[in-house]
């Protein structure tokens, strides 16, 4: 894996230290599911890697075109507060994430009402069921509702527009009628207050 297309070539341009660091990260990610929550290595600086708001990964300004390589890096991604790092047992390097590291590109629902489960799939093929271990949160930006799902340990997926519309189709009133939201995994997640929707001429 150390000669992974344009990424490894780009690392060589940065000098042997940069190439060695990237190779070490690739090697660590190639070992299967990484227990990054157990790793607390020393901070070793920043890596010129960025995840755009649309979910595309870049290294030294060049998109990482190989999906398997992106998946490898994603497997050793860790969030600490508002910062994001790629970690191995022996080092931690910072990267830039413009919004959420993942994009929810598909949403499927099974069941009805309180028994419903809503499954989210990301652009990398990771799948979770919204519920107590994978919370749905709604961020309001102006008049826009932006849903995020916790995929693991604070690493979120921002749901794309069609998934937001699907959530809206599944929405129903809360037990007290004060909020409109969705049930999944035995938890009710509010999307909007009912009075706000009524003020906009909508009703459920």
Students often check this: by mean Cβ neighbours within 10 Å, which of 156-163, 172-179 ranks highest, and how do the rest follow? 156-163, 172-179
Could you grab the relative contact order for the stretch 102-199? Cα pairs under 8 Å, six or more apart, rounded to a whole percent. 27
From the Cα centre of the stretch 94-158 to that of the stretch 70-85, the distance in Å is 16
Divide, for the stretch 102-199, the radius of gyration over alpha carbons by 2.2 N^0.38 Å, where N is the residue count. 1.01
Express the Stokes-Einstein translational diffusion coefficient of the stretch 48-131 in µm² s⁻¹, to the nearest whole number, given a Kirkwood radius over alpha-carbon pairs, 37 °C and a viscosity of 0.692 mPa s. 230
For each of 37, 134, 139, count neighbouring Cβ atoms within 10 Å of the residue's Cβ, then give the residues from fewest to most. 37, 139, 134
Highest average packing first - 97-108, 43-54, Cβ atoms within 10 Å: 97-108, 43-54
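Values in this text are rule-based calculations from the coordinates and carry no lab data. Remember, predicted model here, so these are calculated numbers, not experimental data. For neighbour counting, all protein chains shown are included, and Cβ atoms are generated from backbone atoms with ideal geometry for every residue, glycine included.
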